[in-house]
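Since the structure comes first, as structure tokens, the remarks are kept for the end.
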Amino acid sequence: MIRNVIWDVDGTLFDTYPAIVAAFVAALRDLGADAPPERIQALSLVSLDHCVAVLADHHGLSSRALEDAFSTRHAERDVADSAPFPGVTDVCRHIRSIGGSNVIVTHRRRSSTEALLAANDMDDLFAGLVAVEDGYPKKPDPAMFEAALAQHGLDRAETMSIGDRALDVEAAQAAGLFSCLYGTGPDATHADLIVEGYDHLLRYLEEVNGGASVAGIASVTASRGDVR
């Protein structure tokens with residue numbers, strides 16, 4: 001049974017990448033530089049730290065200056081620019097309906113995460129969150145996942161992690177969790193389960209929670225649990 005889900009935020013719960021890309025474009029222009037939006041998105045999909053480092057090096061900028069400019073510009077973006085992905089609330093409600101917990105583990109700051117949840121009336125779907133300012137090493141280190149498990153009393157064997165990047169998958173697996181990758185791409189084969197839409201994941205969870213055990217999940221789907 002999958003009773004609990006640990007969620008990533010950017011690119012997993014919410015479609016935040018358009019706002020992130022726009023903030024980087026604006027930040028670069030503030031510093032007298034420019035980069036194609038598609039390149040910025042590709043870099044940010046690895047991680048925001050990676051995006052800052054590569055862009056700063058390429059344009060001869062201070063990483064700190066670019067990070068500060070990005071933070072300023074990103075804070076200006078309206079939370080309405082970052083909608084939840086279709087079907088994500090249905091998955092969260094399913095977890096709640098079986099007595100489980102949804103918990104967030106994110107590199108995003110607590111205040112901005114809570115603002116996104118509040119703007120979309122999703123506050124009551126989550127038991128809590130572990131955010132970047134809590135001081136744990138960032139993913140792919142599993143420390144944030146271990147903190148979430150301990151703080152919320154989650155049974156490791158009944159908990160799935162969902163993220164959209166390799167670092168989410170690697171951190172979850174290092175913590176001994178069943179990992180789900182949302183979306184597709186070169187990192188897809190690292191995950192135990194791959195879904196392209198939350199309607200697919202909901203059907204999968206309803207099937208698994210109808211009788212299958214987490215230990216048997218890998219045998220339910222082929223090709224490392226690839227669900228399309």
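The values are calculated or read from the model by the stated rules, or taken from the named source; none is laboratory data. All values derive from a computational prediction rather than experimental measurement. Don't worry about glycine lacking a Cβ; one is built from the backbone with ideal geometry, like all the others, and counts go over all protein chains shown.
Of all residues being aliphatic (A, V, I, L, M) and surrounded by fewer than 23 Cβ atoms within 10 Å (Cβ to Cβ) in segment 163-174, which is modelled with the highest pLDDT? Just the residue, please. Quick ask: steps written out before the conclusion?
At the first step, the residues of segment 163-174 found to be aliphatic (A, V, I, L, M) are 166-167, 169, 171-172, 174.
Narrowing the set further to residues that are surrounded by fewer than 23 Cβ atoms within 10 Å (Cβ to Cβ) leaves 166-167, 174.
On the way: ALA166: 88, LEU167: 90, ALA174: 97.
Selected residue: ALA174.
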Practice problem: Report whether or not ARG96 is among the basic types (Lys, Arg) and touching a Phe, Trp or Tyr at 6+ places or on another chain (Cβ under 9 Å). | Solution: no
Quiz item: With (1) in contact with a Lys or Arg (Cβ under 8 Å, 6 or more places away or on another chain); (2) modelled with pLDDT of 95 or more as the list, and ASP192 as the residue in question, which single condition is left unmet?
Solution: (2)
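Could you identify the single residue in LEU45, LEU31 that is within 18 Å of TYR182 (Cα to Cα) and out of contact with any Phe, Trp or Tyr (no Cβ under 6 Å at 6 or more places or on another chain)? Give the derivation first.
Details: LEU31 fails: within 18 Å of TYR182 (Cα to Cα).
Sole residue among the options that is within 18 Å of TYR182 (Cα to Cα) and out of contact with any Phe, Trp or Tyr (no Cβ under 6 Å at 6 or more places or on another chain): LEU45.
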Practice problem: Working carefully through the options LEU205, LEU201, LEU154, LEU177, find the one that is modelled with pLDDT of 95 or more, within 20 Å of ILE98 (Cβ to Cβ), touching a Gly at 6+ places or on another chain (Cβ under 8 Å) and surrounded by 19 or more Cβ atoms within 10 Å (Cβ to Cβ). | Solution: LEU201
Quiz item: Pairs, please: C-beta under 7 Å, at least 6 apart or cross-chain, first residue farther than 16 Å from ARG110 by Cα and in segment 6-23, second hydrophobic (A, V, I, L, M, F, W, C) and part of a helix (DSSP H, G or I)?
Solution: VAL21/ILE40; ALA23/PHE70
Quiz prompt | In segment 1-29, residue nearest to VAL79 (Cα to Cα) [restricted to those that are of a type in the set (Gly, Ala, Ser) and touching a helix residue (DSSP H, G or I) at 6+ places or on another chain (Cβ under 7 Å)] | solution = ALA19
Practice problem: Output the number of the condition that SER213 fails; it satisfies all remaining conditions of (1) on the phi > 0 side of the Ramachandran plot; (2) out of contact with any helix residue (DSSP H, G or I) (no Cβ under 7 Å at 6 or more places or on another chain); (3) at pLDDT below 95. | Solution: (1)
Quiz item: So which residues in segment 32-46 are touching a helix residue (DSSP H, G or I) at 6+ places or on another chain (Cβ under 7 Å) and surrounded by fewer than 18 Cβ atoms within 10 Å (Cβ to Cβ), if there are any at all?
Solution: ALA33, ASP34, PRO37, GLN41
Exercise. Being buried (at least 18 other Cβ atoms within 10 Å of the Cβ) and hydrophobic (A, V, I, L, M, F, W, C) is the filter here, so list the residues in segment 1-24 that pass it.
Key: ILE2, VAL5, ILE6, TRP7, VAL9, LEU13, PHE14, ALA19, ILE20, VAL21, ALA23, PHE24
Self-check item: Count - residues of segment 75-100 that are among the polar types (S, T, N, Q) and more than 16 Å from the chain's Cα centre (by Cα)
Solution: 1
Quiz item: Within segment 47-69, restricting attention to residues that are in contact with a helix residue (DSSP H, G or I) (Cβ under 8 Å, 6 or more places away or on another chain) and at pLDDT below 95, which residue is surrounded by the most Cβ atoms within 10 Å (Cβ to Cβ)?
Solution: LEU48
